[in-house]
1. Which members of the stretch 208-251 meet the condition of being more than 21 Å from TYR163 (Cα to Cα) and either part of a strand (DSSP E or B) or aliphatic (A, V, I, L, M) (or both)?
2. Among (1) in contact with an Asp or Glu (Cβ under 6 Å, 6 or more places away or on another chain); (2) not in a helix (DSSP H, G or I), where does HIS145 come up short?
3. Across the stretch 83-112, what is the number of residues that are surrounded by fewer than 17 Cβ atoms within 10 Å (Cβ to Cβ) and under 15 Å from GLY61 (Cα atoms)?
4. Take the stretch 254-266 and flag every residue that is free of Cβ contacts under 8 Å to residues at least 40 places away in the same chain and either part of a loop (DSSP other than H, G, I, E, B) or surrounded by 16 or more Cβ atoms within 10 Å (Cβ to Cβ) (or both).
5. Can you tell which of ALA195, ALA217, ALA271, ALA202 is farther than 30 Å from TYR58 by Cα and small (Gly, Ala, Ser)?
6. Does LYS139 qualify as being open to solvent by 50 Å² or more (accessible area, probe 1.4 Å), modelled with pLDDT of 90 or more and not in a strand (DSSP E or B)?
7. Of the residues LEU194, LEU204, which is over 16 Å from LEU235 (Cα atoms) and either assigned to a strand (DSSP E or B) or open to solvent by 50 Å² or more (accessible area, probe 1.4 Å) (or both)?
8. In the stretch 267-286, which residue that is out of contact with any Gly (no Cβ under 8 Å at 6 or more places or on another chain) and either touching a residue at least 40 places away in the same chain (Cβ under 8 Å) or hydrophobic (A, V, I, L, M, F, W, C) (or both) is most open to solvent (accessible area, probe 1.4 Å)?
Amino acid sequence: MKQFIGTERPWLSLYGKRVRPVAPFGSMSSRPFHDPALIHRSLPDELIYEVFARADPYSLGRAACVCRKWRYTIRNPSLWQNACLRAWQLSGASENYKIVTSMYDCSWRKMWTHRPRVRFDGLYVSRNTYVRVGVAEWKVTNPVHLVCYYRYIRFYPNGRLLYKVSSQRVKEAAKCMHLRASKPDCVYKGEYRLAEDQVEAAILYPGVRLTLLRIRARVRGTVVGANNRVDLLRLVTTGVNESEIKNHSGGLLGFVEGWTEDETHDPDVPAISHSRGLSPCVFVPFNEADTSVLNLPVDKMDYYVPG
């Protein structure tokens with residue numbers, strides 16, 4: 001009986017109860033230091049750094065809360081330099097070096113925290129609701145329906161994005177928001193450009209008559225460095241000439257550059273500026289798609305205030 005009650009937990013010995021911080025480089029202290037944590041005695045600092053170099057920045061932030069040695073290791077500038085160069089790769093390496101030098105005191109970690117950016121490890125979700133009048137029954141009741149639909153946006157580091165408007169909940173839509181999505185998934189591809197906190201995007205709807213969706217948005221965060229909100233400032237659908245877009249060698253953003261808001265290149269498809277369905281987008285990481293509060297039906301959450 002004692003064998004089953006006192007179950008051994010060997011993994012508890014991996015972490016010491018008193019883990020002292022690592023002496024900084026160039027420290028004058030000559031006192032010998034013995035680290036009680038087994039994981040620190042087994043792995044040299046070089047291997048711990050290689051493990052952290054393969055983690056995403058948000059995992060690094062969580063790992064920095066484990067112990068002081070990990071926190072000092074994660075403050076290595078090269079870890080945050082790689083993250084910044086990947087997040088703003090459209091700006092180019094030379095431009096990023098100029099920005100970190102002139103605006104962020106040569107601190108890549110400070111640049112990662114304070115410079116506006118879009119996130120790539122999840123979806124930006126806009127939950128919209130409206131009331132639709134139903135069919136009267138026996139001329140006694142006049143029912144109404146509360147309709148809920150979502151806008152999904154996924155950004156990629158290379159300037160591409162995916163866009164989807166659907167009534168599917170987050171946990172269902174997250175499974176098809178990838179570049180290999182099939183045609184029935186109704187996931188459309190586009191391009192975006194980030195300048196400061198402003199996002200310019202263009203998505204081409206295929207069909208008998210090509211329609212172009214132009215989006216202007218603003219990135220913000222509920223806390224410093226979160227970048228977990230995207231405010232939709234303008235949504236404009238306009239017609240395009242198929243021969244013009246085929247002969248254009250650049251991307252979609254270059255094709256629509258300089259267009260006015262009401263400009264259209266197809267007289268059968270006028271330019272329409274949408275004023276509804278512009279609820280702010282909330283960022284949902286992929287690992288939280290199944291448990292997000294946005295999955296609640298309208299009978300449990302009729303309206304959502306993103307904040």
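The values are calculated or read from the model by the stated rules, or taken from the named source; none is laboratory data. Because the structure is predicted, anything quoted here is derived from the model rather than measured. So basically every Cβ, Gly included, is an ideal-geometry build from the backbone, and we count neighbours across all protein chains shown. Areas reflect the complete protein model, heavy atoms only, side chains present, ligands, DNA and RNA absent. Shrake-Rupley method; radii C 1.70, N 1.55, O 1.52, S 1.80 Å.
1. Passing the criteria: VAL223, VAL224, ALA226.
2. For HIS145, the failing item is (1).
3. 1
4. Residues satisfying the conditions are GLU257, GLY258, THR260, GLU261, ASP262, GLU263, THR264, HIS265.
5. The unique qualifying residue is ALA271.
6. no
7. LEU194
8. ARG276
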